[in-house]
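Chemist: My questions all concern the structure below.
Readers should treat all values here as calculations from the given coordinates under stated rules, not as data from a laboratory. Bear in mind that the values here come from a model prediction, so they are computed numbers and not experimental data. Cβ sites come from the backbone with ideal geometry, for glycine too, and all protein chains shown count toward neighbours.
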Amino acid sequence: MDPSFFTPWQKRMLANAAAALAVCFFVLLIGGGIWVVGLLMAKLQWILIPVVIGAVIAYVQLPVVDWVHAKWGWTRSVSVIIVFGTGIVLVLGIVALLLPAVVQELTDFARKTPGYFEKAVKAVGEFMERARSTEAPAAWQQFLDRLTASMAASLPDLAKSLTDKLPALLSNAFSLLGAVVGFLIIPVYVYYFLKEPDAFTSGWKLYVPVSDGPVRQDIITLVQEINESLKAFFRGQCIVATCVGALAAVGFYIIGVDFALLLGIWVGIFDLVPFFGIVAGAIPAMLIGFAQHGNWQVPVAAAAVCVGVHLIENWILAPKIVGNKTGLHPVAIVLSILIWGKLLGFIGVLLAVPLTSTLKVLFNHYLWQRMPAKS
């Protein structure tokens with residue numbers, strides 16, 4: 001067709017339409033790719049989680065292995081075995097120190113849980129009776145009656161639902177066995193990550209789908225910057241999570257909450273995901289405190305401990321140890337955890353901050369800084 005057939009305005013409209021269609025195609029392509037990857041990771045998450053944990057441990061120990069290898073001139077394998085073996089000995093030593101207390105608390109938890117449950121039910125019943133006995137509007141009394149009747153009526157349905165789901169839980173026994181095996185071979189992942197770091201830190205450069213030139217070097221430099229920031233984040237977050245767990249355990253012990261050590265370990269594990277450790281620890285601590293003492297003073301004190309530890313983490317520990325390695329706002333971190341958790345499952349929760357930080361660096365490098373400034 002003769003190009004002169006179109007007016008200049010029509011040519012601009014066609015060009016804009018073609019550009020819009022191309023953008024829509026690439027957006028759909030990227031979205032479909034993320035959706036497919038999310039489905040695969042959701043199916044394979046119990047296989048991938050041990051790999052991620054092994055990579056994080058290797059991130060933490062890699063500088064020590066490099067230092068030992070350079071300082072003493074030992075082979076890479078010997079340096080890895082010494083550093084990794086020393087780390088295992090230290091961990092086993094800490095476990096040996098804590099294991100008797102943990103076993104005792106687990107035994108006490110199994111022994112006291114039925115009594116705690118009875119005390120909690122009794123306390124809730126007394127609260128409901130006091131609420132009924134007070135002079136309150138008829139609507140409030142009717143609400144309490146309906147709430148009690150609804151709770152009583154839902155118990156059989158809850159039991160039936162749990163019974164119906166039991167075969168599905170049993171059918172996942174092989175998946176659970178695979179997860180256990182995967183966690184047992186985490187040391188193997190760590191060994192090879194530490195023994196051959198160049199295969200993971202430099203070997204990827206061979207697969208950059210761009211010919212030699214400024215663009216290829218730009219991509220390599222950008223990925224290396226992302227890698228350095230993520231390494232610092234992972235190492236710092238592990239140290240922060242350990243400190244937060246220890247502070248939470250001490251705080252729960254001081255206010256008299258049972259199983260303070262177990263709760264501290266629980267908080268430390270979940271604090272590997274920013275902002276989730278204290279939330280995950282506050283709820284069981286408050287429930288245990290209420291069931292243990294039958295009043296609201298101890299649960300309020302447990303909540304105060306969690307708030308205090310959270311403030312120490314945000315104002316002292318995280319700024320000093322982690323710093324602003326990701327450059328993400330706290331609201332952005334929470335949203336990223338929720339979104340990536342929905343897309344990729346539990347592994348998305350673990351990697352939410354690194355993934356979002358990587359996207360932010362990419363957008364900042366390739367889009368935001370190259371957009372023309374507004375007049």
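Chemist: Stretch L106-T7 to full length: gain in nm at 0.36 nm per residue minus the Cα-Cα span?
Modeler: Extra length from L106 to T7 when fully extended: 27.6 nm.
Chemist: Given the pairs K195/K231; K195/K342; K122/K342, which span a C-alpha to C-alpha distance of over 29 angstrom in this model?
Modeler: Checking Cα-Cα distances, K195/K342; K122/K342 exceed 29 Å.
Chemist: Which net charge results for the neighbourhood of E105, defined as the other residues with beta-carbon distances under 11 angstrom from its beta-carbon, given Lys and Arg at +1 and Asp and Glu at -1?
Modeler: Residues near E105 contribute 0 overall.
Chemist: Can you compute the modelled spin-label distance between T242 and I30, with each label point 7 Å from Cα toward Cβ, in nm?
Modeler: Between T242 and I30, the simple spin-label model gives 3.9 nm.
Chemist: Still on this structure, please answer the following. Show me 58-64, 86-92, 217-223, 295-301 ranked by packing, highest mean number of other Cβ atoms within 10 Å first.
Modeler: Packing proxy ranking, top to bottom: 58-64, 295-301, 217-223, 86-92.
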